[in-house]
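Trainee: Quick one: the structure is below, questions incoming.
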Amino acid sequence: MENKGVSGQQPSLSQYFSNDPPSFFDELASNKTSTSSQQMETGDTISNQLPSNPQATPATMNPNQVTLMNTTPASNAGHNNISHSVSNSNVALTSNSFTGGFKTPEYIENQAELEEDMKIPDEVRNFWETPITPNGQPPLLTTPGIQTATDLPDLIAIAVSKHLGDAELAHRKIPGVDNVTQDERGLRSLIASGCYRSAINLTGRLLTIYGQGYGRSGQPAKHSPHSLQLWFTRLALLAKLGEYELLQKEAEPFDRLNKPDVFYEFYPEMYPGKTGSIACFSFRLLLAEMPIYLGNPQLALDRLSELYVITNEIKLYFAGKNMKEAQEFWKKREFKILHAIVNCAIILKKYNLIDDILRSMIADGGDLDKEERRALFSAWGRIYLQIGDVFGAEQKFAEARRLRKIYSQPDIRDLVDKGLITVAQNDFPEAYATFQKALHLESGNTMILNNMGVCLLYAGKLKEAITLFERAINLNPQKSLNESLLVNLSTLYELESNNSKNKKLNLLRLINRYKPDLNISLEICLKLQTPN
């Protein structure tokens, strides 16, 4: 196999795009071992959360949350015997108790990984074989184009205008596509601020400059590292926001990035002497994973398996050349693909495959430190819980505990593992106490707060559960107004009363002021279509 590829000197947006489409397995491991293109900010978590999006698969759930059944008000009669213990520290959730507005969240990058990535020579980073066009046949080209003539609308603003009026809408002060520079720097700023729809709209403007805007699908176009990076960012954002129909249409021309015009050799006059893939590896991984979001995990598994074989061949090539740094670089890419394969296997209930992969990742991960191995064992145990094997989960959690530093106190990972086991045993008061200990180690952790609230509900303390969620929002509205907590709190409001609409509208007021975007629709988050 020949050494292919020298990367361009354009800055890579993938260095800044750390909040890609949600994925199940990547959230289970530590930041260092799970930095795939599908990593979320929440870190090591596992989910039994019911999908809020009708099209969502288990791969799009938040994997550390205890399940809260999506009960409708019609079910209230069955809950009349719930003990409604009211906390003395009850905090009313009203929009009048909040001041301020949207504040750009702190943007966290894995700087150590970025610096490590930059040490890799260009010819290693973009090593990929160029497709061969049979003699006498014209090459098949990649001819993408924007599929929507208008910008994506601000769905939160539309809902606020519909339910609360323009006076409330005036409080929505978030960065928009016209408030940033019309370039990569502006795009990074929007992504960092969580303004994903505006970021998608900006990619549309920038791709139009490249001649790949609306109406250009099917038309020949020249590709560059920057244009393909813009497409990767746009498609990843569409997947994150659940815009699957548009994602499918716009991703179709790229296939699996296997056409000659996405390689430097196709443009000798533009890139003299350069060879290899113009598109980044994360783009290839995203396209391989994409069928997961479109409801075809088996196709995703097939494509990921093919990508894994190619990546493994490249790793072995560098191993044969005794190029250890390049070998380790591609081994990390192998791990990213294996994470995605585990996601597919969970959906397809291929549990033997999951066991084989995780066992091999731990056995072959000679460069993994104890914490990284511990994270994988913890992930393994939480997947066992997902399939109802409590004994198997306890065994994996025990392995994780053995890797903890000697004489060290239980940390959040240990406590969450223990809490999830206790939930599986239906001991909700004990689970609540365990999650509470974890909360003391990381005040304001919304995943832990969410689990505590669900434990209170199942312990028959509906009003205390509501109070807990409301207090979390009061303390940190921008962080706590996440999709899982919103769905759960809206459900609790419906369980509490047949007149829950006003409380939901208060939540909408806060979303208007603090959230640029949500990953699922407000109709699902707040259940505003219900009669009450």
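Trainee: What's the number of the condition Pro253 fails, among (1) in contact with a Pro (Cβ under 6 Å, 6 or more places away or on another chain); (2) not in a helix (DSSP H, G or I)?
Mentor: With (1) in contact with a Pro (Cβ under 6 Å, 6 or more places away or on another chain); (2) not in a helix (DSSP H, G or I) applied to Pro253, the lone miss is (2).
Trainee: Right, another one. With respect to Glu289, is the statement that it is in contact with a Leu (Cβ under 8 Å, 6 or more places away or on another chain) and assigned to a helix (DSSP H, G or I) true? Spell out the reasoning first.
Mentor: Working: in contact with a Leu (Cβ under 8 Å, 6 or more places away or on another chain): yes; assigned to a helix (DSSP H, G or I): yes.
It is true that Glu289 is in contact with a Leu (Cβ under 8 Å, 6 or more places away or on another chain) and assigned to a helix (DSSP H, G or I).
Trainee: Something else now. Being out of contact with any Asp or Glu (no Cβ under 9 Å at 6 or more places or on another chain) and closer than 30 Å to Ile191 by Cβ narrows it down to one residue among Glu483, Glu464, Glu496; which is it?
Mentor: On the way: Glu464 fails: closer than 30 Å to Ile191 by Cβ; Glu496 fails: closer than 30 Å to Ile191 by Cβ.
Matching residue, one of Glu483, Glu464, Glu496: Glu483.
Trainee: Would you pick out the residues in segment 219-266 that are without any contact (Cβ under 8 Å) to a residue 60 or more places away in the chain and of a type in the set (D, E, K, R)?
Mentor: Lys222, Arg234, Glu245, Glu252, Arg256
Trainee: Go through segment 511-532 and count every residue that is among the basic types (Lys, Arg) and modelled with pLDDT of 85 or more. Break it down stepwise before answering.
Mentor: Initial filter on segment 511-532 (among the basic types (Lys, Arg)): 513, 515, 527.
This time we only want the ones that are modelled with pLDDT of 85 or more, so: 513, 515.
Final tally of qualifying residues: 2.
Trainee: Within segment 386-410, can you find the residues that are in contact (Cβ under 8 Å) with a residue 12 or more places away in the chain and either under 16 Å from Leu449 (Cα atoms) or among the aliphatic types (A, V, I, L, M) (or both)?
Mentor: Ile387, Val390, Ala393, Ala400, Leu403
Trainee: So Gly242 ticks every box in (1) under 17 Å from the mean Cα position of the chain (by Cα); (2) of a type outside the set (D, E, K, R); (3) assigned to a helix (DSSP H, G or I) but one. Which box is left unticked?
Mentor: In the conditions (1) under 17 Å from the mean Cα position of the chain (by Cα); (2) of a type outside the set (D, E, K, R); (3) assigned to a helix (DSSP H, G or I), Gly242 misses (3) alone.
Trainee: Among the residues of segment 131-148, is any buried (at least 20 other Cβ atoms within 10 Å of the Cβ) and under 29 Å from Ile524 (Cα atoms)?
Mentor: Yes, segment 131-148 contains a residue that is buried (at least 20 other Cβ atoms within 10 Å of the Cβ) and under 29 Å from Ile524 (Cα atoms).
Trainee: Okay, moving on. For segment 460-481, how many residues meet the condition of being without any contact (Cβ under 8 Å) to a residue 40 or more places away in the chain and surrounded by fewer than 21 Cβ atoms within 10 Å (Cβ to Cβ)?
Mentor: Total satisfying the criteria: 2.
Trainee: Touching a residue at least 40 places away in the same chain (Cβ under 8 Å) and open to solvent by 10 Å² or more (accessible area, probe 1.4 Å), is that true of Gln425?
Mentor: For Gln425, the condition - touching a residue at least 40 places away in the same chain (Cβ under 8 Å) and open to solvent by 10 Å² or more (accessible area, probe 1.4 Å) - is not met.
Trainee: Something else now. Here's a check for you: in segment 379-410, which residue that is within 28 Å of the chain's Cα centre (by Cα) and outside any helix (DSSP H, G or I) is nearest to Ile354 (Cα to Cα)?
Mentor: Ile387
Trainee: Just a yes or no: is a residue in segment 200-207 more than 18 Å from the chain's Cα centre (by Cα) and open to solvent by 20 Å² or more (accessible area, probe 1.4 Å)? So that I can check it myself, show each step before the final result.
Mentor: Pass one, segment 200-207, residues more than 18 Å from the chain's Cα centre (by Cα): 201-207.
Narrowing further to those that are open to solvent by 20 Å² or more (accessible area, probe 1.4 Å): 205.
Taking every residue of segment 200-207 in turn, at least one turns out to be more than 18 Å from the chain's Cα centre (by Cα) and open to solvent by 20 Å² or more (accessible area, probe 1.4 Å).
Trainee: If you scan segment 146-198, which residues turn out to be on the phi > 0 side of the Ramachandran plot and in contact (Cβ under 8 Å) with a residue 60 or more places away in the chain?
Mentor: From segment 146-198, those on the phi > 0 side of the Ramachandran plot are 165, 194; that's our starting set.
Gly194, the sole residue that qualifies.
Trainee: For segment 294-369, which helices (runs of 4 or more DSSP H) that fit wholly inside it have 2 or more residues that are free of Cβ contacts under 8 Å to residues at least 40 places away in the same chain and polar (S, T, N, Q)? Step through it out loud before you land on a result.
Mentor: On the way: elements: 297-320, 324-348, 351-364.
Here the list reads 297-320, 351-364.
The values are calculated or read from the model by the stated rules, or taken from the named source; none is laboratory data. Predicted, not measured: the structure shown is a model, and the values here were computed from it. Because the Cβ atoms are built from the backbone with ideal geometry, glycine has one as well, and the counts that use them run over all protein chains shown. For the accessible areas, the whole protein counts, side chains as well, though only heavy atoms, and no ligand, DNA or RNA atoms are used. Shrake-Rupley method; radii C 1.70, N 1.55, O 1.52, S 1.80 Å.
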